[in-house]
Structure formats: C-alpha cells, structure tokens
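Asker: Please see the structure below; I have some questions.
The values are calculated or read from the model by the stated rules, or taken from the named source; none is laboratory data. Remember, it's a predicted structure, so these values are computed and weren't measured experimentally. Backbone-built Cβ (ideal geometry, glycine too); neighbour counts: all protein chains shown.
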Amino acid sequence: MSAYMQSDSARQIGRGLAGALLVAAIWELSARGLNLPAYVLPSVTSILGGLVNDAASLAKAARYTAAESFAGYVIGCLVGMAAAVLVTMIPAARSVVLPLATAINSVPVVAYSPLVLLWFGMGMASKIVMVAVAVSFTIFLSTIAGLDRVDRKSVDLIRSFGAGRLAVLWRLRLPTALPLIIAGMRVSTVRSVIVAIVTEMLGAYDGLGWIIYQAVLQIDFVKVWAAIIVASSISLTFFGAISFIERRYVFWR
Amino acid sequence: MTQGTMALSDEGSRGAAADATGLIDRLGFSSGKVTMSTNVKLEAVEPAVTGEGEKPLIELRNVSKTFGAVKALSDLEVSIRPGELVTVVGPSGCGKSTLFNILAGLEEPDPGNVLRLKGVSSTASDLLGKVSFMPQRDLLLPWRNVIDNAILALEIEGMPRSEARRQAMEMLPEFGLAGFEAQYPNQLSGGMRQRVALMRTFLFKRDLMLLDEPFGALDALTRTMMQRWLLDVWQKHKRTVLFITHDVDEAIFLGDRVLVMTARPGRIKLEQVVDLPRPRKADIVTSPEFIALKKTLLEAIEEESMKSFQVSGH
C-alpha cells in the first residue's frame, strides 16, 4: 500500500514539474518574442542569471526570512494550541474569547504591522511577533474546532474506565483534534512566509521582503523576480514538509 | 458448515479468514469441553435459580430517572448475582440505555434510590471505573492499533503499557484476533472490531460487565457466531454480565434470566428464568422449551411495544 502511495505521489511530483517547465517555456518565449521590457516581465533565463549573480545576498536573506517565519510559526502553533485547550477546559472563557478571536482574525494581520514595528523595532523580533500572531489565530480556531469534534459517547466510555478530565483530553480529545490541527498547521506554513515578507517590506535590515523593496526602488526587476522565486521555494518546502508529516502521522482520517 | 459461513459472510477476505479460524477454534474447543462444562455450569446455575441466600453483586431499588418532563425510569428494581448472565429486552426508548448509564456511573438517578454494590450503598458516580462498560458502537480509537485499543482501559488505570500489552497479546487468540495486533480499526471487519471492543471490556477486569447491544450492528450470521463465542468466553472467565438487546432469541440464548422492561417510564415487567442447559448449542433455538420461553417473552414485549406506540402518538 505504501509503495502504491509512493508511486502515486511520485507521479504527482512529475506532473507538477512538467507543468512548471511548460509555464517557464511559454514565459520565456513570450518575454523574448514580444520583446517585453524587464519591468513588465523579464525572461526566465535572465531571472535565473539574476539568481546566480545575487546568490550570496539572496541566500543570506532567505535564511533570515526562513528563520523569522519558522520561529514565529512554532511560537504561533504552541500559543494557539495552548489557548484552545485552556478555552475548552474552561467553558466560561469560551463565550468571551471565541467571538473576540474570530473578530481579530477577520482583519488581515498585516494591518497591525506598523504598530508591531513601532513596538518591537526593525529587527527580527517584530517579524516573529507578526508571524506568531497570524499563525496562532488560525491554529487556535482549528484546534477548537478539532477539540469540539469529540464524540460524546467516546467521552462517556473512557470516563467509565475511570478517566479524569486530563486523561480525556490527552487520550481522546487531542488525538481527535489532530487532523484539524495539522490541517491548520499546513495552511499556516504559507501564511507565515507571506506575513514575514510583507512585514519586512515595511521595515527591516535584511530578508527577502527587504530585498524586494530595495530592488523595486532601484528598478531592478530581475532581482525582484529572483527574490520572489526564492520566497516561493521556501514556502513550498515548508508546506511540503508539514504535508509529509501530516500524511505520515495522521494516517487514520 | 464452516465453509458455508465463510463464503456467505460479507466481510472482507481477511476478516472472513480470521472469523473462520476463530470459529474453528471455538467449535473444537467447545465440543471437547461439553461434559465438563455441563457439570460446572449446573453448580453455577443452581444457586442462581433457587438461592435467595447469595448476596447480589449489584442491587437497584426504587431507581427512577427524570429528564426534564420525561420520566425514563420509574421505581426500577434489579439485582444481579455474581457469575450471572442477565439479558434485558424491551421496546425501543424504554430506558435501557439510561439504566446502563446509571450502572456505568455516567448518570445519577433521581434522589431516593437504593444502589448497592456488593452490599455497600453507593452513588452512581462511585461506580465510575468499577464496571466494564461496552456501548453499542465499538468506539475504537482510529489512531490506535488493535492491541493499543484493547489496553485503553488498563492504561487509564495506570498499568504500564508493556505489561498491558503482554496481557492483551495473551488474549488475542481467544478473541480470534491473533496476528491482527498491529492492524488499525479501519482495516478490520465489523465483527472483528466488535471483538476488539469486547476484548477491551474483558481486559478491564471488573466484577460487572455491561454490554449494550454489542452485536446489534452485525449481520445475522456473524451475530450467531459471536453469541456462541461470547458464551464460551463468559463460561471460561466467569464474569457477571448484564446484556441489553433488541433480539428475543439472543436474550434467551445467552441469558440465565431475561428481564423484560416496560414502555417508558421503564420498569421491570417480567423476570423470566431461562433454565436451558449449558453449554447451549446453536440448534437449541428450535427446541420446544426455547420456543415456549420465546412465546412468553414476545407476548410481554408486544404488549409494551403497543403501549409505547400509543404513548408517542403515532
């Protein structure tokens, strides 16, 4: 069965690569054939050239942005899950916190970034905070939804075995919630990179967002595209890693 | 005959194969043990029929339960002696499940009740963790494999996993699950899932086992096989069982006594001693004694079913 799944996912990756190559070919042909100026659409080959030329600074910026995203992501996941568990254990808190969280979550988090830059400065801290805030709300809401999915009868069963509230939480509610928690975590990977880059554009000392912003000011659109490609590959890798973990550990859905 | 059931069983090939091995085990086992079991069982049945002297394992008196305006149970009286297998039948909605929830400690009856476990007055919540309870659905945890599902109750009790797993591994063959310990519930047939749930209940060694329509969702063939198998396991382990069912045949085939409940509010309408010899073979269901018992019970249930239809106004 696992061999079948492997060949299946290998086929999917193959198709994805073929699609990407096709897009790149059409891109290259239209950029060259229509003689488009670089600020509209640079050719794929010139972007690849840009990637090689700026490899050192792009790699440094990529590490910077990846570190911010990952740190904020981990903090956000932990805070979101912990808050959801607390709210579920204290039913009174729920009716207060849940509408508030939904309201805050419905505003795009980047709207808060000028304030966060003001409070936490231009360095990594402000980006980590922004990512953590964005991720924690998503994880909070998906964890709550997951914890609510628990079957009343299953709770009764394990209570009849003498389980207390903590045992019910640990052995039943959290595993029941896991598929939704990890689905929230998967969606949050991409979100964490986006939020880090957007916040960098508003003020930073390094990072892919900062590179993009600087390159736009210098009218260096090849570099903008090179940074975008690096950012996309960080996002995709992150997303792929969490999807892999999801498939491996949430096998029962 | 084994071949026939195998072919007819609607379970997947793995499930059918395992059921068949289990059945062969069972058949071989019971036929070899017939004479001995009869003697053993006669001794056990005697006090159950005549002995008022033996102290009941659990005793309920004046137990009522009201949910808002609905009275689910009214002055229910039940007492079960150690080692008995008592079955409960009744029209749907008669409060059988409420009775079970009270005995499992999940719901408190209305005040004024008497509830004694081994002669000691208790509240329902005292019974939490004292009774091994098996609900209608198997409720296996999909993220745990067979062995880890079976040891759930032991783990909650605080037994180390390795010790619990060892105990469960020893029980696997008896439950027709040998070789399936590492499978996950979604890989098992309905009959096998039910046996894992039963094994979980058996491993949680408590004086009283509550089984709430454990075979209700199974097809007829698997169900009769499971009934015979349950009797074997029960006789070997000498546990006290209270067994809820909709099926009168099942109630008579399994039970030392059958309790018929009234339509809501539930009371015991009839207590019928089943003095059929044990071990019981499959063909006992066609014997005149069995038919006579069935007739009495069906009449009582019919009367109550009519009432519950009138009450609900359909």
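Asker: Does any residue in the stretch A:5-27 that is modelled with pLDDT of 85 or more come within less than 6 Å, Cβ to Cβ, of a residue that is part of a helix (DSSP H, G or I) and surrounded by 10 or more Cβ atoms within 10 Å (Cβ to Cβ) six or more places away or on a different chain, and which pairs are these?
Answerer: A:A24/A:V44; A:W27/A:V44
Asker: Of the numbered conditions (1) at pLDDT below 90; (2) buried (at least 22 other Cβ atoms within 10 Å of the Cβ), A:A196 satisfies every one except a single condition; which is it?
Answerer: (1)
Asker: Could you grab me the full set of residues in the stretch A:216-227 that are under 14 Å from A:A61 (Cβ atoms) and either of a type in the set (G, A, S) or surrounded by fewer than 16 Cβ atoms within 10 Å (Cβ to Cβ) (or both)?
Answerer: A:A226, A:A227
Asker: Quick one: is B:P82 surrounded by 19 or more Cβ atoms within 10 Å (Cβ to Cβ) and away from chain A (no Cβ under 14 Å)?
Answerer: Details: surrounded by 19 or more Cβ atoms within 10 Å (Cβ to Cβ): no; away from chain A (no Cβ under 14 Å): yes.
Answer is no for this residue.
Asker: On the given criteria, is B:E163 more than 29 Å from B:K307 (Cβ to Cβ), of a type outside the set (F, W, Y) and within 12 Å of chain A (Cβ to nearest Cβ)? Let's see the steps before the verdict.
Answerer: Values: more than 29 Å from B:K307 (Cβ to Cβ): yes; of a type outside the set (F, W, Y): yes; within 12 Å of chain A (Cβ to nearest Cβ): no.
Against the criterion (more than 29 Å from B:K307 (Cβ to Cβ), of a type outside the set (F, W, Y) and within 12 Å of chain A (Cβ to nearest Cβ)), B:E163 does not qualify.
Asker: With the condition kept exactly as written, say whether any residue in the stretch A:92-103 is in contact (Cβ under 8 Å) with a residue 24 or more places away in the chain, exposed (fewer than 15 other Cβ atoms within 10 Å of the Cβ) and under 26 Å from A:W210 (Cα atoms).
Answerer: no
Asker: Hey, B:K96 hits all of (1) away from chain A (no Cβ under 14 Å); (2) in contact with a helix residue (DSSP H, G or I) (Cβ under 8 Å, 6 or more places away or on another chain) but one; which does it fall short on?
Answerer: Answer for B:K96: the failing condition is (2).
Asker: Let me ask you something else. Keeping to the stretch B:138-151, report how many residues are within 13 Å of B:L198 (Cβ to Cβ) and within 7 Å of chain A (Cβ to nearest Cβ).
Answerer: 1
Asker: For the stretch A:129-167, which positions are charged (D, E, K, R) and within 14 Å of another protein chain (Cβ to nearest Cβ)? Steps first, answer last, please.
Answerer: Going residue by residue through the stretch A:129-167, those that are charged (D, E, K, R) are A:148-149, A:151-153, A:156, A:159, A:165.
Correct list: A:R149, A:D151, A:R152, A:K153, A:D156, A:R159, A:R165.
Asker: Please work out which one of (1) aliphatic (A, V, I, L, M); (2) outside the structural domain of B:G90 (by TED's automatic domain parsing); (3) surrounded by 22 or more Cβ atoms within 10 Å (Cβ to Cβ) is the condition B:L172 fails and give its number.
Answerer: (3)
Asker: Considering only residues of the stretch A:39-78 that are under 29 Å from A:I139 (Cα atoms) and among the polar types (S, T, N, Q), which is surrounded by the most Cβ atoms within 10 Å (Cβ to Cβ)?
Answerer: Within the stretch A:39-78, the subset under 29 Å from A:I139 (Cα atoms) is A:61-78.
Those left that are additionally among the polar types (S, T, N, Q): A:65, A:69.
Numbers: A:T65: 27, A:S69: 29.
The qualifying residue surrounded by the most Cβ atoms within 10 Å (Cβ to Cβ) is A:S69.
Asker: Also, I was wondering about something else. Just to confirm my filter: which helices (runs of 4 or more DSSP H) fall fully inside the stretch B:114-226 and include at least 3 residues that are under 15 Å from the mean Cα position of the chain (by Cα) and not aromatic (F, W, Y)?
Answerer: Working: elements: B:146-150, B:152-157, B:161-171, B:190-203.
Per the criteria, B:190-203.
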